[in-house]
1. Please list, or write none, the aspartates and glutamates whose alpha carbon is within less than 12 Å of the alpha carbon of Lys45, excluding same-chain residues fewer than 8 places away.
2. Cut-off under 24 Å on the C-alpha distance; same-chain residues fewer than 8 positions from Lys13 excluded. Which lysines are left, in chain and number order?
3. What is the sum of charges around Asp44, taking Lys and Arg as +1, Asp and Glu as -1, for the other residues whose C-beta is under 13 Å from the C-beta of Asp44?
4. Please report, to one decimal in angstroms, the Kirkwood hydrodynamic radius of the chain built from all distinct Cα-Cα pairs.
5. For the chain, give the magnitude of the charge dipole about the Cα centre (Cβ charges: +1 Lys/Arg, -1 Asp/Glu; no others), in debye to the nearest 20.
6. Among 49-59, 5-15, how do they line up by average Cβ neighbours within 10 Å per residue, starting with the highest?
7. For labels at Lys59 and Tyr12 in the simple 7 Å Cα→Cβ model, what's the distance in nm?
Amino acid sequence: MDYLKGKWQTWYKSLDVNHDGTVSMEDVEESRNKFTELHHLLGDKAQGVKTDMEQWWKKIRVQIIRK
C-alpha cells in the first residue's frame, strides 16, 4: 500500500505545477505552456497540445467530481 501511496503522491506533485496544494486549471495552463515551449511547438501543433490538455483536464475533473 505504501508503494501506491507514494506513486499517487508523486503523480499529484507533478500535476500541482504551482505547488499551491490544489490541482487547478492554472496548473494545466502552466503545464501546457511549458510543454509547448520546451518542445518548440508553434502554430497548429501548439494549439493542438493546448486543446488536448484542456480536454483531458475537463474529462478528469468530471470523473473526480462524480466520485
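No lab work stands behind these numbers, since they all come straight from the coordinates. Model, not experiment: these values are computed from the prediction. Don't worry about glycine lacking a Cβ; one is built from the backbone with ideal geometry, like all the others, and counts go over all protein chains shown.
1. Hits, sequence-local ones excluded: Glu37.
2. Filter leaves Lys5, Lys34, Lys50, Lys58, Lys59, Lys67.
3. +1
4. Mean inverse Cα-Cα distance, inverted, gives 13.1 Å.
5. On the way: 12 positive and 11 negative charges, 84 e Å.
It comes to approximately 400 debye.
6. Top of the packing list down: 49-59, 5-15.
7. 2.4 nm
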